[in-house]
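The values are calculated or read from the model by the stated rules, or taken from the named source; none is laboratory data. Keep in mind that what you see is a predicted model, and the values were worked out from it rather than measured. No Cβ is skipped: glycine too gets one built from the backbone with ideal geometry, and neighbour counts run over all protein chains shown. What goes into the accessible areas is simple: the full protein's heavy atoms, side chains included, and nothing from ligands, DNA or RNA. Shrake-Rupley method; radii C 1.70, N 1.55, O 1.52, S 1.80 Å.
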Amino acid sequence: GTLGLFVSASGFAENSEYTLLSGKELNVLLADLADLDAALDTKNSFREMMQIKMREAARRGMAFWPYKAYLDTRDT
């Protein structure tokens, strides 16, 4: 299937994730500025961010899962 990534530097409307999922398959992932900053840090990678976001989307059914949440658990 096709999967898209929507990046917003100013965040998302409170109900945007639910609007994306309303009666549809999850085919768009959301990333914010914090996600992008973390993914471009030399300790991390954009590829890893996408893998984590895809895994959590499949697991949780959520278009947005903060990459930082994964990094916080990985670094402890």
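For the chain, the solvent-accessible area works out to 68 Å² per residue, with a probe of 1.4 Å and every protein chain left in place.
Accessible surface of the chain, 1.4 Å probe: 54 percent of it comes from carbon and sulfur atoms. Exposed loop sites are taken as trypsin sites (Lys or Arg not before Pro) in a DSSP loop (any state but H, G, I, E or B) with at most 10 other beta carbon atoms within 10 Å; the longest stretch of the chain without one runs 44-76.
Of the chymotrypsin sites (Phe, Trp or Tyr not before Pro) found in the stretch 33-76, no site is in coil according to DSSP while having at most 11 other Cβ atoms within 10 Å of its Cβ. Summary: within the chain, the longest segment free of GluC sites (Glu not before Pro) located in DSSP loops with at most 15 other C-beta atoms within 10 Å is 26-76. Relative intensity of the chain on a log10 scale, I(q)/I(0) at q = 0.22, 0.26 Å⁻¹, equals -1.02, -1.34, per a Debye sum over C-alpha point scatterers of equal strength in the absence of solvent.
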